[in-house]
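The values are calculated or read from the model by the stated rules, or taken from the named source; none is laboratory data. Predicted model only: the values in this text are computed from it and were never measured. Cβ: placed from backbone, ideal geometry, glycine included. Neighbour counts: every protein chain shown. Keep in mind that these areas ignore ligands, DNA and RNA; they rest on the heavy atoms of the full protein, side chains included. Shrake-Rupley method; radii C 1.70, N 1.55, O 1.52, S 1.80 Å.
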Amino acid sequence: MQTVLLTGFEAFGTTPINPAEQVAKALDGEVISNAALTSRIVPNTYFKCIEFVSLAIAELSPDVVVMMGEYGGRSMITVERIAQNLNDDARYGVADNDGVILQDVLTAPEGPTAYLSSLPIRAMVQAMRAAGVPSDISDAAGTFCCNHLMYGILHHIKENNLDVRAGWIHLPTLPEVAALDRNLGVPSMSVETAKCGVRAAIAAALANQHDTKEVIQSRLQI
C-alpha cells in the first residue's frame, strides 16, 4: 500500500479558520485508491514549516506529498505549477505566526530560482472537475508561507534524492470566514466541497505517475 502525506497550514494573519487545516483533519486516516493517507497540521512560520514537513517525510516515507493552504480571493481549488525561491510577505502587510516579515529573502540561497510541482497537475484538475468541484491550474503561489513551504520541500526532496512526488493545492476561503464584514464579496467554498475536490485530486495523483498531455482550459484570473 502506498502512503500519502497530506499537510494543511494552521490559521494565520486575518484567517481565523484555515480551510487547509479543516480538510487535512477531515481526510486524515482515509484510504484513497489503496493508499493510506496521513495528515499533519503545519505551523504557519517561515523555515520551521519546512523542517516540520521534512521530519514528517522522514517519519512516514510517503510516496506522494500533497501540501495545502488558503488563497483568499480565489473561487476555485487551484493546483500550483511552480514555487519560486523568494519570500516577500511585507507587500501583503501580514506576518507569519512568529511575527516574522520577510522581503526579498531567499528560501535556499544556494537553490535554483524555482521548482516545478512533481504532481500531475492537469490530471488532478481534470479529476476535480469531473467530480463537480471547480478547479484550475495556478502559476502564482504567492510569496508567503505557502510558496515558501512548497519550494522548501521540493528543494529538500531534490537535495536528498528522495523518491517522492510533491506539490501544492490552494483552497478558497471558508464560507464562515467570507461572511465576516471585512470579507464580504470574497469567494468561498465549504469544507465538504473542498474535501471532495482534494480526494479526487489525490486519487488522480496516485493514478498518474506522469501528467496527461490533454489541454486543460483555464479561466483563472489571479
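You can think of it this way: the chain between SER190 and GLU214 has 5.8 nm of extra reach, that is 0.36 nm per residue less the Cα-Cα gap.
The ASP63 and ASP139 beta-carbon pair, evaluated with R₀ = 25 Å, returns a calculated FRET efficiency of approximately 0.45. Dividing the C-alpha radius of gyration of the chain by 2.2 N^0.38 Å, with N its residue count, gives 0.93. Within the chain, antiparallel bridges make up roughly 30 percent of the DSSP beta bridges whose residues both belong there. If the cut-off is 23 Å between C-alpha atoms, which lysines fall inside it for LYS195, apart from same-chain ones fewer than 8 positions away? Here the lysines satisfying the reach criterion relative to LYS195 are LYS25.
Nonpolar atom fraction for the chain, defined as the carbon and sulfur part of the 1.4 Å probe accessible area, stands at 51 percent. Each residue of segment 136-142 was assigned a 3J(HN,Hα) from its phi angle through the Karplus expression (A = 6.51, B = -1.76, C = 1.60, θ = phi - 60°), giving 7, 8, 10, 10, 9, 8, x Hz with x at Gly and Pro. Fully extending the segment from ASN160 to GLU51, taken as 0.36 nm per residue of separation minus the present Cα-Cα distance, adds 37.9 nm. Within segment 197-218, what residues put their amide N at less than 12 Å from the label point 7 Å along the Cα-to-Cβ vector of GLN2? Label zone hits: 201-211. Annotation: amide H-H contacts under 5 Å for THR212 (H modelled 1.01 Å from N, sequence separation of 5 or more, or interchain): ARG122, ALA123. Under the shape rule built on the C-alpha gyration tensor, where the axes satisfy a ≥ b ≥ c, segment 101-222 is oblate, since a/c reaches at least 1.5 while a/b does not exceed b/c.
In segment 5-60, Cα pairs under 8 Å separated by at least six residues give a relative contact order of 37 percent.
Here r is the Cβ-Cβ distance between ALA207 and ALA11 and R0 is 41 Å; the resulting FRET efficiency, rounded to 0.05, is 0.80.
Over the residues of the chain, the helix contribution to mean residue ellipticity at 222 nm works out to -9500 deg cm²/dmol, using -39500 (n - 2.57) for each DSSP H run of at least 4. In this calculation the C-beta distance from LEU116 to LYS25 is compared with R0 = 35 Å, giving a FRET efficiency of 0.75.
Protection proxy ranking of 93-105, 10-22, 144-156, by the mean of other Cβ atoms within 10 Å over each peptide's residues and highest first, is 144-156, 10-22, 93-105. For the chain, averaging the sequence separation of C-alpha pairs within contact (under 8 Å, six or more residues apart) and dividing by the residue count gives a relative contact order of 27 percent. Over the chain, accessible surface divided per residue gives 44 Å², non-protein components excluded, 1.4 Å probe.
Straight-distance candidates among the lysines for linking to LYS158, with alpha-carbon spacing under 20 Å and chain neighbours fewer than 8 residues away dropped: LYS48.
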